[in-house]
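The values are calculated or read from the model by the stated rules, or taken from the named source; none is laboratory data. Note that this is a predicted model, so its numbers are computed, not measured. A quick note on method: Cβ atoms are made from the backbone with ideal geometry, for glycine too, and the neighbour counts reach across all protein chains shown.
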Amino acid sequence: MTKLSVRHLLGIKNLNENDIQTILDTATEFKDVINRPIKKVPSLRDITIANVFFENSTRTRLSFELAEKRLSADVVNFSASGSSVKKGETLLDTVNNILAMKVDMIVMRHSSPGAPHYLSTRIPANVVNAGDGTHEHPTQALLDAFSMREKLGDLQGKKIAIIGDITHSRVALSNIFCLQKLGAEVMVCGPSTLIPKHLGELGVKIGHNVKQALEWCDVANVLRIQLERQQIKYFPSLREYSLYFGINKQMLDDLNKEIVLMHPGPINRGVELSSDAADSRHSIILNQVENGVAVRMAVLYLLAQQ
Ligand code: CP
């Protein structure tokens, strides 16, 4: 069996192309498993995994929990709200206390960039980054790549536009690393205030015109406006953002080609995407969610072999 080159999944930046292909190929096998009447395999029967979430989540948290249960792991869930973190306990003390209960793997979401990297050098368990602030969200990028590959085949030479709030997005950076390692061309598109100035150094195209981005790309991966992370005003109003950067079904239907529409969720309906676009035949948004379970099964299974 092919092994990963890493002990932890901290970010796509730390993976090589072979690691990514191994995860995607393994996820293909697990997707078959979760579509069977009996959706469970005994692969992680002796492993205990803690999902440690210091930030809100619907998709990632449920998807990891389902992936763990489908692999027959024992699962415990921790939320910062309602925990002793509120009494001043440090991140490291919290996690060491969880590990003292004989936990083998930590899946962690945290609002501070680098929090999983910090933990990975101080604890004996495998660490999986389920989103660290505005830094990386590696399993989201892997499930996005898996979903694109399922729809378009090999991603070599495919054109992917990432549209929206790039500055505050951990999905954007992980997608850029992942897609480039798989040979795709990447454009980021949005208001100049929401695209970091250094991004061109990563070898991505930069655009500010959504119609042109849609005409250029095979896949439009649309990102949420992250109002909760915006300390200052980056654009005059949501109405104006929607007018200049929002995508509706008519814009997709008017293209002289097929296009795949993606969004990591949660969607701000009526802001970055109209409802008729989000629910259109172009959209694979719920396929992304379905694929997330198989991809996370692959990640957990492969890390457990290390
Ligand atoms: N895509 C994503 O990370 O969604 P959640 O914040 O609901 O986990």
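Looking only at the stretch 58-78, how many residues end up being touching a helix residue (DSSP H, G or I) at 6+ places or on another chain (Cβ under 9 Å) and either more than 16 Å from the ligand (Cβ to nearest atom) or not in a helix (DSSP H, G or I) (or both)?
8
Do you know which residues across the stretch 195-228 are polar (S, T, N, Q) and over 19 Å from the mean Cα position of the chain (by Cα)?
Correct list: 209, 212.
Taking the stretch 274-306, which residues are within 16 Å of the ligand (Cβ to nearest atom) and among the polar types (S, T, N, Q)?
283, 287, 288, 291
Within the stretch 214-224, is even one residue under 18 Å from residue 280 (Cα atoms) and in a helix (DSSP H, G or I)?
There is at least one residue in the stretch 214-224 that is under 18 Å from residue 280 (Cα atoms) and in a helix (DSSP H, G or I).
I'm trying to understand the selection: among the residues of the stretch 247-273, which are surrounded by 15 or more Cβ atoms within 10 Å (Cβ to Cβ) and either under 25 Å from residue 60 (Cβ atoms) or within 15 Å of the ligand (Cβ to nearest atom) (or both)?
Those that are surrounded by 15 or more Cβ atoms within 10 Å (Cβ to Cβ) and either under 25 Å from residue 60 (Cβ atoms) or within 15 Å of the ligand (Cβ to nearest atom) (or both): 247, 260, 261, 262, 263, 264, 265, 267, 268, 271, 272, 273.
Among the listed residues 92, 142, 155, 99, identify the single one that is under 24 Å from residue 304 (Cα atoms) and within 18 Å of the chain's Cα centre (by Cα).
That would be 142, the only listed residue that is under 24 Å from residue 304 (Cα atoms) and within 18 Å of the chain's Cα centre (by Cα).
Please work out if residue 52 is more than 16 Å from the ligand (Cβ to nearest atom) and touching a residue at least 12 places away in the same chain (Cβ under 8 Å).
Here the answer is no, as residue 52 does not meet what is asked.
Which one of the conditions (1) assigned to a strand (DSSP E or B); (2) over 18 Å from residue 61 (Cβ atoms); (3) β-branched (Val, Ile, Thr); (4) more than 16 Å from the ligand (Cβ to nearest atom) does residue 162 fail to meet, given that it meets all the rest?
Answer for residue 162: the failing condition is (4).
If you go through the stretch 147-157 one residue at a time, do you hit one that is under 20 Å from residue 31 (Cα atoms) and within 14 Å of the ligand (Cβ to nearest atom)?
yes
Mind checking which residues of the stretch 225-246 are more than 16 Å from the ligand (Cβ to nearest atom), within 27 Å of residue 137 (Cα to Cα), not aliphatic (A, V, I, L, M) and not in a helix (DSSP H, G or I)?
Residues satisfying the conditions are 230, 231, 233, 234, 235, 246.
As an exercise: evaluate residue 7 against (1) surrounded by 19 or more Cβ atoms within 10 Å (Cβ to Cβ); (2) under 23 Å from residue 176 (Cα atoms) and give the number of the one condition it does not meet.
Against the list (1) surrounded by 19 or more Cβ atoms within 10 Å (Cβ to Cβ); (2) under 23 Å from residue 176 (Cα atoms), residue 7 comes up short only on (1).
Among 20, 38, which is the only one that is on the phi < 0 side of the Ramachandran plot and not in a helix (DSSP H, G or I)?
38
Kindly provide the set of residues from the stretch 215-229 that are in contact with a strand residue (DSSP E or B) (Cβ under 8 Å, 6 or more places away or on another chain) and either more than 22 Å from residue 266 (Cβ to Cβ) or at pLDDT below 95 (or both), ordered by number.
Within the stretch 215-229, 216, 217, 218 qualify.
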